[in-house]
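Enquirer: Below are the structure tokens for one structure; questions will follow.
Readers should treat all values here as calculations from the given coordinates under stated rules, not as data from a laboratory. These numbers were taken from a predicted model, which means no experiment stands behind them. Neighbour counts run over all protein chains shown; Cβ positions are idealised from the backbone, glycine included.
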Amino acid sequence: MIDFHLKEMQAIASQKFDLNNISPEFIRDFVYNSLSFEKDDISPEDVEAALRGEVLEEKKFRLIKNHIDAFWFIVDMVKNNSEFDENKLKDLHEVLMEGLDTGGLYRKVDISIKGSNHTPPSHLKVYDRMKKYFLTLREEGMGLLEKIAFSHVQLAKIHPFLDGNGRCARLVLNFQLMKNGFAPVIIPYDERARYFETLEAFKVNKDIDPFIEYLLEKEKEALNI
């Protein structure tokens with residue numbers, strides 16, 4: 001039954017969503033909400049100003065501009081039918097970090113995440129975990145929606161970079177959605193409690209279903225169904 005509904009949603013997405021005509025309003029809302037999970041001083045108006053090329057405070061402008069560029073980076077990946085591999089992930093992270101910090105390199109220190117019951121793997125295990133991550137994404141047998149969800153939640157769980165992991169994971173999620181014929185989604189900052197609960201369910205209990213359910217809701221909202 002879920003496969004039928006997915007095909008129906010893909011058909012609607014093909015009619016309603018055009019890779020060559022993504023609205024500035026979507027870009028604004030996606031970038032604003034995604035950045036808001038990590039930064040508390042950016043407004044939708046700031047994103048609109050950056051989209052127009054207006055001058056903002058340097059770091060704020062760079063954060064916004066990089067995120068806009070990173071979104072177009074994944075759109076180009078979809079258009080070019082690019083494979084999502086380790087090099088592309090590191091390239092995406094470099095775009096996010098341009099002019100802010102070193103991008104495209106896995107962290108070399110252990111970290112913890114405030115408010116989470118899960119501790120990301122030691123930096124000594126990151127390379128191995130990321131290798132397994134990409135191998136799993138290439139395996140057959142996983143359902144389409146589960147694979148799309150896994151691309152996001154497992155990347156968030158590993159937390160391979162020192163900074164920008166959440167932003168990067170939300171971009172990867174939208175790459176996987178668009179690549180597979182769905183519309184990109186916005187995870188609203190004001191739904192952060194629900195969103196973090198779904199991530200925790202996977203990180204702590206290996207339960208991906210809550211995030212899949214949430215993702216379906218967001219996709220239906222994106223398609224107005």
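Enquirer: Going by the conditions given, is residue 82 in contact with a Gly (Cβ under 9 Å, 6 or more places away or on another chain) and either closer than 29 Å to residue 134 by Cα or not in a helix (DSSP H, G or I) (or both)?
Expert: Values: in contact with a Gly (Cβ under 9 Å, 6 or more places away or on another chain): no; either closer than 29 Å to residue 134 by Cα or not in a helix (DSSP H, G or I) (or both): yes.
Spelling it out, it is not the case that residue 82 is in contact with a Gly (Cβ under 9 Å, 6 or more places away or on another chain) and either closer than 29 Å to residue 134 by Cα or not in a helix (DSSP H, G or I) (or both).
Enquirer: Would you call residue 65 free of Cβ contacts under 8 Å to residues at least 12 places away in the same chain, in a helix (DSSP H, G or I), surrounded by 11 or more Cβ atoms within 10 Å (Cβ to Cβ) and under 18 Å from the mean Cα position of the chain (by Cα)? Talk me through it step by step, then tell me what you get.
Expert: Numbers: free of Cβ contacts under 8 Å to residues at least 12 places away in the same chain: no; in a helix (DSSP H, G or I): yes; surrounded by 11 or more Cβ atoms within 10 Å (Cβ to Cβ): yes; under 18 Å from the mean Cα position of the chain (by Cα): yes.
The answer is no for residue 65.
Enquirer: Out of all the residues in the range 40-55, is one or more in a helix (DSSP H, G or I), in contact (Cβ under 8 Å) with a residue 12 or more places away in the chain, buried (at least 18 other Cβ atoms within 10 Å of the Cβ) and more than 20 Å from the chain's Cα centre (by Cα)? Talk me through it step by step, then tell me what you get.
Expert: Taking the range 40-55 as the starting set, the residues that turn out to be in a helix (DSSP H, G or I) are 44-51.
Filter once more, keeping what is in contact (Cβ under 8 Å) with a residue 12 or more places away in the chain: 44, 46-48, 50-51.
After this cut, where a residue has to be buried (at least 18 other Cβ atoms within 10 Å of the Cβ) as well, the list is 46-47, 50.
The next check asks that each one be more than 20 Å from the chain's Cα centre (by Cα); those that pass are 46, 50.
Looking for residues that are in a helix (DSSP H, G or I), in contact (Cβ under 8 Å) with a residue 12 or more places away in the chain, buried (at least 18 other Cβ atoms within 10 Å of the Cβ) and more than 20 Å from the chain's Cα centre (by Cα), one finds at least one in the range 40-55, hence yes.
Enquirer: Touching a Pro at 6+ places or on another chain (Cβ under 9 Å), small (Gly, Ala, Ser) and surrounded by fewer than 20 Cβ atoms within 10 Å (Cβ to Cβ): is that true of residue 201 in this structure? Break it down stepwise before answering.
Expert: Working: touching a Pro at 6+ places or on another chain (Cβ under 9 Å): yes; small (Gly, Ala, Ser): yes; surrounded by fewer than 20 Cβ atoms within 10 Å (Cβ to Cβ): yes.
Yes, satisfied.
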